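The values are calculated or read from the model by the stated rules, or taken from the named source; none is laboratory data. Please read these numbers as outputs of a predicted model, since none were measured by experiment. No Cβ is skipped: glycine too gets one built from the backbone with ideal geometry, and neighbour counts run over all protein chains shown.
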């Protein structure tokens, strides 16, 4: 098993997933679009992970590599690979499959509960989404569910928080991989995002209980364990 991940900003990498793959001795490689790196051969990996970013999935004119990236994601899906998208990554998977990505009614930044939906119980992630999860969020866009997708979770601010297709193509609008250092980098790099709105929390609120990061990271590990067991 080999993992390749796509990274859009220098401070939005794999997070705790990187440590997970190291502990499991699973080799991983990466493409960093902000460094103008090229995409790999599609046959060089088994899993593709697409991380977050400040850009929109619709910003092809500003970031021309987005067009190639979405084609690459679609090719990986068509080739039967495990494909996981986080935040922007979930939006890019949705867009690559023809679903609409657009501005959400609310920006969602901070700790907000994910509520499981009954459809999730028919998927390999049933046990991972059987009860609410207090997850970390940082997003302004949302997406329609791609064709054939099973809805996984919702939050008060965002209906479509996650989906799964064929038990191997997975989109998470939320972040379970985020560590304290990754979250702090978001606050340091995007201070203007922190305004007084219903679903935006300030740094004091977000960092008031650092144990939350360990809890979501453990949840991410359980999800990865489940996906590996089902797909290899």
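Among the residues of the range 37-45, is any touching a strand residue (DSSP E or B) at 6+ places or on another chain (Cβ under 9 Å) and in contact (Cβ under 8 Å) with a residue 40 or more places away in the chain? The answer is yes; a qualifying residue exists. Residues that are in contact with a strand residue (DSSP E or B) (Cβ under 9 Å, 6 or more places away or on another chain) and within 21 Å of residue 173 (Cα to Cα) within the range 13-27 comprise 13, 14, 15, 17, 18, listed in sequence order.
Quick one: which residue in 57, 76, 99 is touching a residue at least 60 places away in the same chain (Cβ under 8 Å) and touching a strand residue (DSSP E or B) at 6+ places or on another chain (Cβ under 8 Å)? Only one candidate passes the filter, namely 57.
For (1) under 15 Å from residue 140 (Cα atoms); (2) touching a helix residue (DSSP H, G or I) at 6+ places or on another chain (Cβ under 7 Å); (3) at pLDDT 95 or above, each residue gets a yes or a no:
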site	(1), (2), (3)
159	yes, no, yes
163	no, no, yes
168	no, yes, yes
183	no, yes, yes
193	yes, no, yes
197	yes, no, yes
201	yes, no, yes
204	no, no, yes
213	no, yes, yes
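Restricting attention to the range 15-29, the residues being touching a residue at least 40 places away in the same chain (Cβ under 8 Å) and under 16 Å from residue 82 (Cα atoms) number 1.
Applying a threshold of 6 Å to beta carbon distances and a minimum spacing of six or more residues, or different chains, the list of pairs starting in the range 148-159 at a residue that is at positive phi and ending at one that is outside any loop (DSSP other than H, G, I, E, B) reads 148/165.
Restricting 4, 32, 8 to those that are surrounded by fewer than 20 Cβ atoms within 10 Å (Cβ to Cβ), touching a residue at least 12 places away in the same chain (Cβ under 8 Å) and either under 19 Å from the mean Cα position of the chain (by Cα) or more than 23 Å from residue 143 (Cα to Cα) (or both) reduces the list to 32.
Residue-wise test of (1) touching a strand residue (DSSP E or B) at 6+ places or on another chain (Cβ under 6 Å); (2) over 22 Å from residue 186 (Cβ atoms); (3) at pLDDT below 95; (4) not in a helix (DSSP H, G or I).
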{"site": "4", "(1), (2), (3), (4)": "yes, yes, no, yes"}
{"site": "29", "(1), (2), (3), (4)": "yes, yes, no, yes"}
{"site": "80", "(1), (2), (3), (4)": "no, yes, no, yes"}
{"site": "109", "(1), (2), (3), (4)": "yes, no, no, yes"}
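Within the range 12-27, the set of residues being part of a loop (DSSP other than H, G, I, E, B) and farther than 14 Å from residue 88 by Cα comprises 15, 24, 25, 26, 27. Within the range 41-69, the set of residues being outside any loop (DSSP other than H, G, I, E, B) and buried (at least 20 other Cβ atoms within 10 Å of the Cβ) comprises 47, 48, 49, 50, 66, 69.
Looking across the range 11-29, just one residue is buried (at least 17 other Cβ atoms within 10 Å of the Cβ) and at positive phi, and that is 15.
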